[in-house]
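**Q** Dropping the structure in here first, questions after.
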Amino acid sequence: MLHIGIVACSTEGAALCYRTISLEGSQVLGRHDHPEVSLHSHSLAEYMKCIDRNDWAGVAELMLSSAEKLARSGADFLICPDNTIHQAFDMVEHRSPRPWLHIAREVAREAQGKGYKRLAILGTRYLMEGPVYRETLKAMGIDSRVPGTEQRQRINQIIFDELVNGVLLPRSLAYHVEVIRSLKDEGCDAVVLGCTEIPLLVTQESSPLPVLDSTRILARAAVRKALEGLGATSLKVP
């Protein structure tokens, strides 16, 4: 079985990703079993210093630093459960000591498999205004929409003031539901929870649209990739 390396950024999203790998692994492999996992994280503060000054090369260097440490720990491939810093991915992939799964590509494949045509994108302001999902989805023939300016600012505030700290407030859930409903009115047929903490707040049960949970989609893709090392085609990850 292949060894998964997690390049972490924010604590809550990385924890959800790790927990999902463990739970999904045990469903496939048996009680308490899952692929080997290593995790390395620079602090979110270090990433935000780079992001706030639009220094994506600096973000790439932090990601590569984690990648090098994980490669030395034995990881066979890498994932990053943070959508925003994938904006630096093109500066990382060709220099990385190990191959990566790309979170937006995995979400796009899931959306394509389910026949979705127009996705609502929620996440940090940097993610919603950046190219990560827009370009990835466009390449696969899928349209996308983001909330308006004030909504983007409010969602960004909720993420950084509340969600990354594990604070989940009913009023913040109600706001996300309102935004998702407005994007449904614009013709979106599913919503990407494109900040890895949003799935802690918004669930399929609370959402007006079908959800594409980027954190769990990436985690499941990582388990599938890890199982390739067994050469066992009979083991399937949901």
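**Q** Restricting attention to segment 121-147, and to residues there that are part of a strand (DSSP E or B) and charged (D, E, K, R), which single residue is nearest to VAL192 (Cα to Cα)? Spell out the reasoning first.
**A** Taking segment 121-147 first, the residues part of a strand (DSSP E or B) are 121-122, 143-145.
If we keep only those that are charged (D, E, K, R) as well, we get 143, 145.
Numbers: ASP143: 12, ARG145: 10 Å.
Looking at residues that are part of a strand (DSSP E or B) and charged (D, E, K, R), I get ARG145.
**Q** Kindly indicate whether any position in segment 173-184 is in contact with a Lys or Arg (Cβ under 9 Å, 6 or more places away or on another chain) and either modelled with pLDDT under 95 or not in a helix (DSSP H, G or I) (or both).
**A** From segment 173-184, those in contact with a Lys or Arg (Cβ under 9 Å, 6 or more places away or on another chain) are 175, 179, 183; that's our starting set.
With either modelled with pLDDT under 95 or not in a helix (DSSP H, G or I) (or both) added as a condition, the list becomes none.
Within segment 173-184 (the criterion being in contact with a Lys or Arg (Cβ under 9 Å, 6 or more places away or on another chain) and either modelled with pLDDT under 95 or not in a helix (DSSP H, G or I) (or both)), the answer is no, since none of the residues qualifies.
**Q** Given LEU62, LEU39, which one is under 17 Å from ILE103 (Cβ atoms), touching a residue at least 12 places away in the same chain (Cβ under 8 Å) and in a helix (DSSP H, G or I)?
**A** Every option except LEU62 fails the conditions.
**Q** In this structure, is GLU162 open to solvent by 10 Å² or more (accessible area, probe 1.4 Å), of a type in the set (Asp, Glu), more than 19 Å from the chain's Cα centre (by Cα) and farther than 22 Å from LYS117 by Cα?
**A** No.
**Q** For segment 113-138: of the residues being in contact (Cβ under 8 Å) with a residue 24 or more places away in the chain and of a type in the set (Gly, Ala, Ser), which is farthest from LEU183 (Cα to Cα)?
**A** GLY130
**Q** Same structure again: Where the second residue is assigned to a helix (DSSP H, G or I) and the first is under 12 Å from GLN151 (Cα atoms) and lies in segment 178-194, which pairs have Cβ atoms under 7 Å and are six or more apart or on separate chains?
**A** VAL179/GLN151; VAL179/ILE155
**Q** Just for segment 91-109: of the residues that are within 22 Å of ILE198 (Cα to Cα) and in contact with a strand residue (DSSP E or B) (Cβ under 6 Å, 6 or more places away or on another chain), which one is surrounded by the fewest Cβ atoms within 10 Å (Cβ to Cβ)?
**A** Only one residue tops the list, namely LEU101.
**Q** What pairs can you find where one residue is in segment 93-112 and in contact (Cβ under 8 Å) with a residue 60 or more places away in the chain and within 19 Å of LEU137 (Cβ to Cβ), the other is surrounded by fewer than 15 Cβ atoms within 10 Å (Cβ to Cβ) and among the acidic types (Asp, Glu), and their Cβ atoms are less than 9 Å apart, with a gap of 6+ or different chains?
**A** Close Cβ pairs (under 9 Å, with a partner that is surrounded by fewer than 15 Cβ atoms within 10 Å (Cβ to Cβ) and among the acidic types (Asp, Glu)) amount to ALA104/GLU135.
**Q** Being open to solvent by 40 Å² or more (accessible area, probe 1.4 Å) and among the small types (Gly, Ala, Ser) is the filter here, so list the residues in segment 131-151 that pass it.
**A** Selection gives ALA139, GLY141.
**Q** Moving to a separate point now. Restricting to segment 1-24, what's the tally of residues that are surrounded by fewer than 20 Cβ atoms within 10 Å (Cβ to Cβ), in contact with a Leu (Cβ under 9 Å, 6 or more places away or on another chain) and of a type in the set (S, T, N, Q)?
**A** 1
**Q** Would a scan of segment 171-180 turn up a residue that is open to solvent by 40 Å² or more (accessible area, probe 1.4 Å) and either among the basic types (Lys, Arg) or under 18 Å from the mean Cα position of the chain (by Cα) (or both)? Step through it out loud before you land on a result.
**A** Of the residues in segment 171-180, the ones open to solvent by 40 Å² or more (accessible area, probe 1.4 Å) are 171, 173-175, 178.
Keeping just the survivors that are either among the basic types (Lys, Arg) or under 18 Å from the mean Cα position of the chain (by Cα) (or both) gives 171.
Scanning segment 171-180, I find at least one residue that is open to solvent by 40 Å² or more (accessible area, probe 1.4 Å) and either among the basic types (Lys, Arg) or under 18 Å from the mean Cα position of the chain (by Cα) (or both), so the answer is yes.
**Q** Right, next: Please work out which residue is surrounded by the fewest Cβ atoms within 10 Å (Cβ to Cβ), limiting yourself to segment 71-90 and to residues that are over 19 Å from the mean Cα position of the chain (by Cα) and part of a helix (DSSP H, G or I).
**A** Only one residue tops the list, namely ARG72.
**Q** Does GLU46 satisfy the criteria of being open to solvent by 60 Å² or more (accessible area, probe 1.4 Å) and closer than 22 Å to GLU197 by Cβ? Walk me through it before giving the result.
**A** Values: open to solvent by 60 Å² or more (accessible area, probe 1.4 Å): yes; closer than 22 Å to GLU197 by Cβ: yes.
Yes.
The values are calculated or read from the model by the stated rules, or taken from the named source; none is laboratory data. Since the model is a prediction, treat every value here as computed from it, not as a measurement. Glycine also receives a Cβ, built like all others from the backbone with ideal geometry; neighbour counts cover every protein chain displayed. Ligands, DNA and RNA are excluded from the accessible area calculation, which covers all protein heavy atoms including side chains. Shrake-Rupley method; radii C 1.70, N 1.55, O 1.52, S 1.80 Å.
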